[in-house]
Amino acid sequence: IQFNSGDHVLGNKNIDERVYDTLGELCVLRYLTETGRETNWDGPNSSTYDIEVEDGFVEVKSTLSRSKREVTISNQFQLDPPNKELNLVLCQFEPSVQNGVSIDSIVEDLIRMGINSEYLNSRLSKKGLEEGMSARRRTFILHDMLKYSVTDSFPRITPASFVDGVLPLGITKITYTVSLDGMEAESLIQGDRNEIQNN
């Protein structure tokens, strides 16, 4: 196997997660662009939300598991948008040898749709996925993209969960896991909306 200059050794947990996490954001960006939405991809800039649209935000989570629908929320602000709609999209991937989508293939799609290539590649570089890296050519089968509306009934921790919106003394950050089992979701691939159960 030949590696280009600047490649990371595949199999490293950090680069593996970075590939499919970033791929999920790009897949959702492509979906939104296809449906005519104006978007701003903020995830690579360490913003609170991955994608901003004209009327709200989209937080993207990706997984290689098809039997467990769980997402990790990185802080108490991630599911607390400022008076705007917030949707969470869970992308379910399966690694593939040749079939499916890759970061480079989705980038090509987005460029054909009119998204500036420099804009895309500069953000990918911030994620450690520079042009020419073999990691950008790794393929995954996208089984589904499930959209959940983050409303008052969505299980979440926000500043309002604490007295006067202040974390307990000595606590500086909260990371937590949310189970999406049995929650109503819309499949952005299959187009249906119902209470989706695990297979």
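The values are calculated or read from the model by the stated rules, or taken from the named source; none is laboratory data. These numbers come from a predicted model, not from an experiment. Reconstructed Cβ throughout: ideal geometry from the backbone, glycine too, with neighbour counts over all protein chains shown. Ligands, DNA and RNA are stripped out before the accessible areas are found, and what is left, the full protein with its side chains, is counted by its heavy atoms. Shrake-Rupley method; radii C 1.70, N 1.55, O 1.52, S 1.80 Å.
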Exercise. Six or more apart or on different chains, Cβ under 7 Å: which pairs go from a residue in region 157-171 that's among the small types (Gly, Ala, Ser) to one that's open to solvent by less than 50 Å² (accessible area, probe 1.4 Å)? Could you list them?
Key: Gly165/Pro159
Exercise. Could you please give the count of residues in region 154-191 that are among the hydrophobic types (A, V, I, L, M, F, W, C), over 19 Å from Ser74 (Cβ atoms) and open to solvent by less than 80 Å² (accessible area, probe 1.4 Å)?
Key: 3
Self-check item: Count of region 33-48 residues which are part of a loop (DSSP other than H, G, I, E, B) and either modelled with pLDDT of 90 or more or within 18 Å of Glu85 (Cα to Cα) (or both)
Solution: 7
Self-check item: Residue count for region 153-184, restricted to those that are in a loop (DSSP other than H, G, I, E, B), out of contact with any Pro (no Cβ under 8 Å at 6 or more places or on another chain) and not aliphatic (A, V, I, L, M)
Solution: 12
Quiz item: Which residues, counting only those in region 49-62, are touching a Phe, Trp or Tyr at 6+ places or on another chain (Cβ under 7 Å) and at pLDDT below 95?
Solution: Tyr49
Exercise. Under 6 Å between Cβ atoms, at least 6 apart or on separate chains: pull out the pairs that start in region 66-85 with a residue that is aromatic (Phe, Trp, Tyr) and end on any residue that is open to solvent by 20 Å² or more (accessible area, probe 1.4 Å).
Key: Phe77/Thr48
Quiz item: Could you count how many residues in region 100-153 are free of Cβ contacts under 8 Å to residues at least 60 places away in the same chain, open to solvent by 20 Å² or more (accessible area, probe 1.4 Å) and acidic (Asp, Glu)?
Solution: 5
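Restricting to region 73-86, name every residue that is closer than 16 Å to Asp55 by Cβ and buried (at least 20 other Cβ atoms within 10 Å of the Cβ).
Taking region 73-86 as the starting set, the residues that turn out to be closer than 16 Å to Asp55 by Cβ are 81-86.
Passing the criteria: only Leu86.
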